[in-house]
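Structure first, then comments.
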Amino acid sequence: MSARIRRRNVPEVPPALSAEEAAECAFASDQGLTRHHFTSGEHPIVRIEHLNKSFDDTLVLKDVNLNVWPGEVVVVLGPSGSGKSTMLRCINLLETPTAGHILIEDEEITGKSNADVNKLRRDVGMVFQQFNLFPHLTAKENVMIGQTKVLKKDKAVAEAEALKQLAAVGLADRADFKPAQLSGGQQQRVAIARAVAMHPNVLLFDEPTSALDPELVRGVLDVMRDLAENSGMTMIVVTHEMGFARDVADRVVFMEDGVVVEQGLPEKVFDHPENARTAEFLGSIK
Ligand SMILES: Nc1ncnc2c1ncn2[C@@H]1O[C@H](COP(=O)(O)OP(=O)(O)OP(=O)(O)O)[C@@H](O)[C@H]1O
Ligand SMILES: [Mg+2]
């Protein structure tokens, strides 16, 4: 009985589009909405089609559709509870979508076995608000552990990569410090180095500066900006840092109540929002 009730609450969605069809549709819909420079025959690196997610029969993501292009930086904005974290968590399968499709490089990741989920987690990195570092490991060991345990890299190779990535986030001299000996901003930069050291296809950021004291925010945003501008990393960033969004984002997506309400070029969404709710939200955080 309860199974039948639950099934009735799962929205019916069409099958995923073929790769070619999806690329054509995405190109047609996204042109003009992003600073991304499209190349001929390019496919989105992430496709979200008709994504629905419910908790206890409450739908919190309602038919979300979004494409992200290789090297694109997409900033997701929206009020508390609008479903931003849930969408990110669905993209790396920390949450299981209720209905719909998520494809990474045209490969469907929804409905996969545990082994495939582990592979996916290697391809999609995530930086959390609370850093999530191992407290008993040094900065260098935190950046090494995924490389040795998950990617099975040699210790020496992982160590060299860890030192390189720590240097890239300005922490070459903190490699042997443990998280408790680092500031929040430094810990978050270690977390970014750790994610980048796995060489993911896509890097997700969920409010990476929200837990930081104001004077530490800049250093983390500078690292993210450098990553966006100089590494070609594809990034989906949930943040309330409007300056970062305006300067660095190729596209801004505004969500409310589980729905993508509006998306477009940062200057367009910030200066001439089409939707009254977007305007109201942006007005409230200025
Ligand atoms: N594990 C869960 N169980 C039940 N409900 C949940 C769970 N996680 C999220 N929700 C609900 O889903 C909705 C969307 O939450 P989500 O955390 O995605 O919002 P958000 O946009 O990230 O908000 P914030 O800006 O506060 O981080 C909220 O109503 C929330 O209460
Ligand atoms: Mg959130």
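The numbered conditions (1) in a helix (DSSP H, G or I); (2) surrounded by fewer than 16 Cβ atoms within 10 Å (Cβ to Cβ) are all true for GLN130 except (1).
Yes/no per residue for (1) under 18 Å from PRO266 (Cα atoms); (2) within 12 Å of the chain's Cα centre (by Cα):
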| site | (1), (2) |
| --- | --- |
| HIS50 | no, no |
| THR58 | no, no |
| LYS62 | no, no |
| LEU66 | yes, no |
| VAL74 | yes, yes |
| SER80 | no, no |
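Looking across region 25-51, the residues that are out of contact with any helix residue (DSSP H, G or I) (no Cβ under 9 Å at 6 or more places or on another chain) and within 25 Å of PRO200 (Cα to Cα) come down to ALA26, PHE27, ASP30, THR34, HIS37, THR39, SER40, ILE45, HIS50. Does region 251-259 contain any residue that is away from ligand 1 (no atom under 16 Å from the Cβ) and touching a residue at least 24 places away in the same chain (Cβ under 8 Å)? Looking through region 251-259, at least one residue is away from ligand 1 (no atom under 16 Å from the Cβ) and touching a residue at least 24 places away in the same chain (Cβ under 8 Å). Tell me, yes or no, whether region 152-169 has at least one residue that is surrounded by fewer than 16 Cβ atoms within 10 Å (Cβ to Cβ), among the β-branched types (Val, Ile, Thr), away from ligand 2 (no atom under 16 Å from the Cβ) and farther than 30 Å from THR34 by Cβ. Yes; the residues of region 152-169 include at least one that is surrounded by fewer than 16 Cβ atoms within 10 Å (Cβ to Cβ), among the β-branched types (Val, Ile, Thr), away from ligand 2 (no atom under 16 Å from the Cβ) and farther than 30 Å from THR34 by Cβ.
Is it true that LEU137 is surrounded by fewer than 16 Cβ atoms within 10 Å (Cβ to Cβ) and either part of a loop (DSSP other than H, G, I, E, B) or within 9 Å of ligand 1 (Cβ to nearest atom) (or both)? Answer is yes for this residue.
Can you find a residue in region 216-239 that is open to solvent by 30 Å² or more (accessible area, probe 1.4 Å), on the phi > 0 side of the Ramachandran plot and either touching a strand residue (DSSP E or B) at 6+ places or on another chain (Cβ under 9 Å) or part of a helix (DSSP H, G or I) (or both)? No, region 216-239 contains no residue that is open to solvent by 30 Å² or more (accessible area, probe 1.4 Å), on the phi > 0 side of the Ramachandran plot and either touching a strand residue (DSSP E or B) at 6+ places or on another chain (Cβ under 9 Å) or part of a helix (DSSP H, G or I) (or both). Within region 200-244, restricting attention to residues that are within 25 Å of LYS119 (Cα to Cα) and of a type in the set (S, T, N, Q), the residue that is farthest from ligand 1 (Cβ to nearest atom) is SER231. When restricted to residues that are basic (Lys, Arg) and crowded, with 20+ Cβ neighbours inside 10 Å, region 175-200 contains 2.
Against the condition away from ligand 2 (no atom under 12 Å from the Cβ), in contact with a strand residue (DSSP E or B) (Cβ under 6 Å, 6 or more places away or on another chain) and closer than 18 Å to PHE55 by Cα, how does THR98 come out, does it pass? So THR98 passes the test. Which residues, counting only those in region 240-258, are within 17 Å of the chain's Cα centre (by Cα), within 16 Å of ligand 2 (Cβ to nearest atom) and in a strand (DSSP E or B)? Hits for region 240-258 are VAL253, PHE254, MET255.
Filtered by the rule that a residue be out of contact with any Lys or Arg (no Cβ under 6 Å at 6 or more places or on another chain), closer than 30 Å to SER284 by Cβ and charged (D, E, K, R), region 61-106 gives LYS62, ASP63, GLU72, LYS84, ARG89. In region 68-84, is there at least one residue being hydrophobic (A, V, I, L, M, F, W, C), within 16 Å of ligand 2 (Cβ to nearest atom) and in contact with a helix residue (DSSP H, G or I) (Cβ under 6 Å, 6 or more places away or on another chain)? Checked against the condition, which is being hydrophobic (A, V, I, L, M, F, W, C), within 16 Å of ligand 2 (Cβ to nearest atom) and in contact with a helix residue (DSSP H, G or I) (Cβ under 6 Å, 6 or more places away or on another chain), region 68-84 yields at least one hit. Taking region 148-207 on its own, how many of its residues are assigned to a helix (DSSP H, G or I) and under 12 Å from VAL220 (Cβ atoms)? The number of residues fulfilling the criteria is 10. Which of the helices (runs of 4 or more DSSP H) contained wholly in region 13-127 include at least 2 residues that are away from ligand 1 (no atom under 12 Å from the Cβ) and surrounded by 17 or more Cβ atoms within 10 Å (Cβ to Cβ)? In region 13-127, 19-30, 114-123 are the helices (runs of 4 or more DSSP H) which contain 2 or more residues that are away from ligand 1 (no atom under 12 Å from the Cβ) and surrounded by 17 or more Cβ atoms within 10 Å (Cβ to Cβ).
The values are calculated or read from the model by the stated rules, or taken from the named source; none is laboratory data. Quick caveat: nothing in here was measured; it's all calculated off a predicted structure. Don't worry about glycine lacking a Cβ; one is built from the backbone with ideal geometry, like all the others, and counts go over all protein chains shown. Only protein heavy atoms, including side chains, enter the accessible area calculation; ligands, DNA and RNA are left aside. Shrake-Rupley method; radii C 1.70, N 1.55, O 1.52, S 1.80 Å.
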